[in-house]
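Reviewing the structure listed below.
The values are calculated or read from the model by the stated rules, or taken from the named source; none is laboratory data. This structure is a prediction, so every number in the text was calculated from the model and none was measured. For neighbour counting, all protein chains shown are included, and Cβ atoms are generated from backbone atoms with ideal geometry for every residue, glycine included.
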Amino acid sequence: MRRWIQSRHKPSGPADRPQHETGAPLHLVQGETYASWEAIYLDNVHRIYRLMFSKVGNRPDAEDLTAEVFLTVLRPLRTTATVGEVRAYLLTTARTVLAAHWRHTLGREITAIDVEQVATEYDHPAENTRSAQLVERVLAALPVRYRRVLELRFLRACSIGETAAELQTSVGNVKVLQHRALRLAAEIVRDDPDAAG
Amino acid sequence: MKGPRRFVESLLRGRRPRRFPVDDTDADILRAAIELRAARPGSGTPNEEFVVGLYQRLAQERREEAERRPVATRRQIVLGGALAATGVAVGVAIDRTLAGPGAPAGGGTLIPDAGVWHPVVAAAELPEGAVRAFDAGSVNGFVYRSGGRLRAISGTCTHQGCRLGLEAGMRLRCPCHRALFALDGRVLHHRFPGPLPALPRIAVRQADGVVQVYISA
C-alpha cells in the first residue's frame, strides 16, 4: 500500500495542469478541479493532518480530527467543485471540528484555525514557516537555560533523564526548569502579534 | 498545576492528553506547549498506515452510499470511474476491509412487544432533507426525510447510553465519548478498542399529516 500512495500522490490532480513557472514543486491551481474523490483525499490529507497536529500537538488527536474532517466532507462535496472551493470547504470544516474538539475535551478553545490566515500556508505547505518563526522568536527571547530545556524536551524529544544529563543537573531541577521555561514561553506566545491561538 | 504538567507530558510522550479544568494561565501554557511540540521536525507528517486506513474507510463509506442509491447520479458515475481507475491494489484493500472483523454490527429495527404509533411531528414540518429530534418517553431519537422517504433512528449511543446530539444537521454525536453516527445509524467514528454497534432503526410512518414512530405502549 505504501508504494501505491506514493505513486498516486502527485499525478492524482488535474491531468493537464501547467508546470509551475517558478520551478517550485507542483501546486494545484485554485480554479482547476480535482479528477476524483481520491485526488481530493490524497492532495489534502497530509495538509489537514499537519494543520491539526499544529493545533493539538499530539498524534492520536490529530488523526481523529483529520478523519473527522474527511468523513464530514465526504457526502456534501461535489467533485465538480474547484480546487479552491474544496480547500476552502475543508478548512472551514477543520475549523468547526477543532472548535468542537476543544469544547468537548477542555471546555474552552485552546487553539483555533483562522481560515484566511492558514489558507496561503495550506496551498504552499513547503513554505509553512509561521509556526516555526514564532517558535524561533519565543526560544530566542528566553534565558539560555530555559531555552535549552525546551529545545531538548520539545524539539529533540529527549527524556527528562537525558535532558538532566545534557544540562548537568538533577531530574528534579529539569522539571522545575521546564515548568518555568514553559510559563515564560506562554507569556511570550500570548503577547506575540503573530500567534494565531 | 498537576493538570497542565500532565497535559505537557502527554504531548511529549506522543499520547492523547487527559482532560482537566483549565484556567487562563493553563490555556496559555498549553498553547505554548502545542506550538513547541508541533515545531519538532517531522511531527506534521501523518503515519502512512493512518493515511491508507482512512482512505479505506472513506472508500467503504462511498461504496455503501452507492449501494443505497440504485439510480446512479452523475456524481456516482464519476466516482465509479475513478474507483475503477485506482488499480488492483486498492480494490483488494477495500474488499479486505469490507470482509474484515472491524465491520460495524447492524443495528436492526426496534420492534417492541406491545407497540403504538406515537406522533412526533407534523408532516409539513419535516420537508425533504430535514431532521427533527423527538422524545417519546420510552424512546428518543431522530426522524428525517431523505429521497422522499421517512426514516427514524434511535438517539441513544450504543456504547454507554448517552443521549446523542445532532451535529451539522446530518450526523449524530455522543457527548460522552464523542462517538459519531450517520443518520442511518452507521458508526462513522469512535475511539473504543472493540467494534461499536450501529444505532437501531425505528419504524416510522406518515398518517393524517403527522409523522409517527412505532414504540412501546
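Observations, loosely collected:
- For the stretch A:86-106, the set of residues classified as touching a Lys or Arg at 6+ places or on another chain (Cβ under 9 Å) and of a type outside the set (A, V, I, L, M, F, W, C) consists of A:Arg87, A:His101, A:His104, A:Thr105, listed by residue number.
- Filter result for the condition that a residue is closer than 23 Å to B:Arg68 by Cα, within 14 Å of another protein chain (Cβ to nearest Cβ), touching a Phe, Trp or Tyr at 6+ places or on another chain (Cβ under 8 Å) and not basic (Lys, Arg), over B:Leu166, B:Leu126: B:Leu166
- Verdict on B:Arg5 being on the phi < 0 side of the Ramachandran plot, surrounded by fewer than 19 Cβ atoms within 10 Å (Cβ to Cβ), more than 9 Å from chain A (Cβ to nearest Cβ) and at pLDDT 55 or above: no
- Among the residues of the stretch A:37-80, those identified as of a type in the set (Ser, Thr, Tyr), in contact with a helix residue (DSSP H, G or I) (Cβ under 7 Å, 6 or more places away or on another chain) and without any contact (Cβ under 8 Å) to a residue 60 or more places away in the chain are A:Tyr41, A:Tyr49, A:Thr66, A:Thr72, A:Thr79.
- Of the residues contained in the stretch B:94-116, none is found to be in a strand (DSSP E or B), over 20 Å from the mean Cα position of the chain (by Cα) and modelled with pLDDT of 85 or more.
- Residues of the stretch A:60-83 that turn out to be crowded, with 18+ Cβ neighbours inside 10 Å and either part of a helix (DSSP H, G or I) or more than 7 Å from chain B (Cβ to nearest Cβ) (or both), as a count: 15
- Search result, residues across the stretch B:10-51 that are under 15 Å from A:Arg59 (Cβ atoms), more than 8 Å from every other protein chain (Cβ to nearest Cβ), part of a helix (DSSP H, G or I) and more than 28 Å from the chain's Cα centre (by Cα): B:Arg13
- Residues of the stretch B:169-181 that turn out to be surrounded by 14 or more Cβ atoms within 10 Å (Cβ to Cβ) and within 9 Å of chain A (Cβ to nearest Cβ), as a count: 5
- Some residue of the stretch B:129-140 being more than 14 Å from every other protein chain (Cβ to nearest Cβ), modelled with pLDDT of 80 or more, surrounded by fewer than 14 Cβ atoms within 10 Å (Cβ to Cβ) and in a strand (DSSP E or B): yes
- A:Gln117, sole failed condition from (1) in a loop (DSSP other than H, G, I, E, B); (2) in contact (Cβ under 8 Å) with a residue 60 or more places away in the chain: (1)
- With respect to (1) closer than 17 Å to B:Phe181 by Cα; (2) part of a helix (DSSP H, G or I), the lone exception for B:Ala124 is condition (1).
- Residue-level analysis places A:Thr169 among those that are in contact with a helix residue (DSSP H, G or I) (Cβ under 9 Å, 6 or more places away or on another chain), β-branched (Val, Ile, Thr) and assigned to a loop (DSSP other than H, G, I, E, B).
Here is a yes/no grid of residues against (1) of a type in the set (Asp, Glu); (2) surrounded by 16 or more Cβ atoms within 10 Å (Cβ to Cβ); (3) in the same structural domain as A:Ile48 (by TED's automatic domain parsing); (4) closer than 25 Å to B:Phe20 by Cα:
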residue	(1), (2), (3), (4)
A:Val135	no, yes, no, no
A:Val138	no, yes, no, no
A:Leu150	no, yes, no, yes
A:Arg156	no, no, no, no
A:Ala165	no, no, no, no
A:Thr169	no, no, no, no
A:Lys175	no, yes, no, yes
A:Leu182	no, yes, no, yes
